[in-house]
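The next block holds one structure in the form of structure tokens; read it before the comments.
The values are calculated or read from the model by the stated rules, or taken from the named source; none is laboratory data. Computed from a prediction, not measured in an experiment: that's the story for all the values here. Virtual Cβ from ideal backbone geometry, glycine too; neighbours counted across all protein chains shown.
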Amino acid sequence: MIQKLERRVGAPLFERTSRRVVLTATGRQLRDELRPAYAQLQSAIERAIESGQGVSSTLRIGYSTPWVADLLGLAARAFGLRHPDCRIEFHEIQLCDPLGRLRSGQFDLQVSEFPLDEPDLTAGPVIFSEPRALMVPAGHRFARRESVSLEDLAEAPLVSLRGDIPLYWLNFHLPTRTPSGREIPPGPFATYWTEIPSHVVAGRGVSPVALRGSRYHDRPGIVFIPFHDAPPIEYGLIWPTERNSAGVRDFVDTLLETAAAQHDTESIGGQPVNRR
């Protein structure tokens, strides 16, 4: 077999002595060029085996907000009808370490805010997007406005986050400068979400949030003012690139179907409202 291949290539692939057999330069080149195709073939065989055996065991899925959790719950019901032997577990992602549990293997999949630019993680489809709002104290001078601008962030301290958080993600959600380059004054730091509304109520700072947060986190002393010029917050699927199982792929398909059905019955993005 090897000799037949060497005749076809026109050069020896191995150096053979009485003590060892090693690849020649041509052999190493052929090995290196075939390696990706071999890995793809192996992956295809493994997926076929998983598909033939069905989906079982447990899927652990992370979520970043309660409205994401609501959608995951609906998808889990549909998924359970197709795969009754597979158990679904949901766990909230902590703001201070948004990717750590996915990387460590505690999660198989998560739905959280984009952007994502990590070589070991795959950014899957965007499930839905949300308009942004600015969460301010009820007595703040922005509180009676119909909308705010990203330039307005230069006029109020911004609550920020600390932890193992990618800088590009922080710059997108919690910038230090406005689009025109004006400096945004720093406010207090938060580690967990529950700290952010408390800082806002106390008048220590303001915070950009998804506008849908007004339905879940409204409380006395807080007002949600829509942005009229901010890009939406996109919520997408993320999974470890090397751990893409049949169960993950099937749940992704189910979640996309569920999100599309929800979008047909209600506007997942919501309508801008000023909650006072």
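Before moving on, here are some points about what is shown:
- Any hit, the range 137-144, residues being part of a loop (DSSP other than H, G, I, E, B) and of a type in the set (D, E, K, R): yes
- Residue ID - nearest to the chain's Cα centre (by Cα), chosen from residues in the range 185-200 that are part of a helix (DSSP H, G or I) and surrounded by fewer than 20 Cβ atoms within 10 Å (Cβ to Cβ): Glu195
- Of the residues Arg144, Arg162, the single one that is in contact with a strand residue (DSSP E or B) (Cβ under 8 Å, 6 or more places away or on another chain) and of a type in the set (D, E, K, R) is Arg162.
- Of all residues in the range 197-238 being among the hydrophobic types (A, V, I, L, M, F, W, C) and touching an Asp or Glu at 6+ places or on another chain (Cβ under 7 Å), the one that is farthest from Pro36 (Cα to Cα): Leu211
- Residue under evaluation Thr178, criteria (1) surrounded by fewer than 16 Cβ atoms within 10 Å (Cβ to Cβ); (2) free of Cβ contacts under 8 Å to residues at least 40 places away in the same chain, criterion not met: (1)
- Count of the range 145-184 residues, restricted to those that are among the acidic types (Asp, Glu), modelled with pLDDT of 95 or more and not in a helix (DSSP H, G or I), is 2.
- If you go through the range 154-175 and keep only what is without any contact (Cβ under 8 Å) to a residue 40 or more places away in the chain and either under 17 Å from Ile222 (Cα atoms) or surrounded by fewer than 18 Cβ atoms within 10 Å (Cβ to Cβ) (or both), you end up with Ala154, Glu155, Leu167, Leu170, Asn171, Pro175.
- The condition of being touching a helix residue (DSSP H, G or I) at 6+ places or on another chain (Cβ under 6 Å) and either in contact (Cβ under 8 Å) with a residue 40 or more places away in the chain or loosely packed, with under 15 Cβ neighbours inside 10 Å (or both) does not hold for Ser149.
- For the range 201-234, the set of residues classified as part of a helix (DSSP H, G or I) and small (Gly, Ala, Ser) consists of Gly213, Ser214, listed by residue number.
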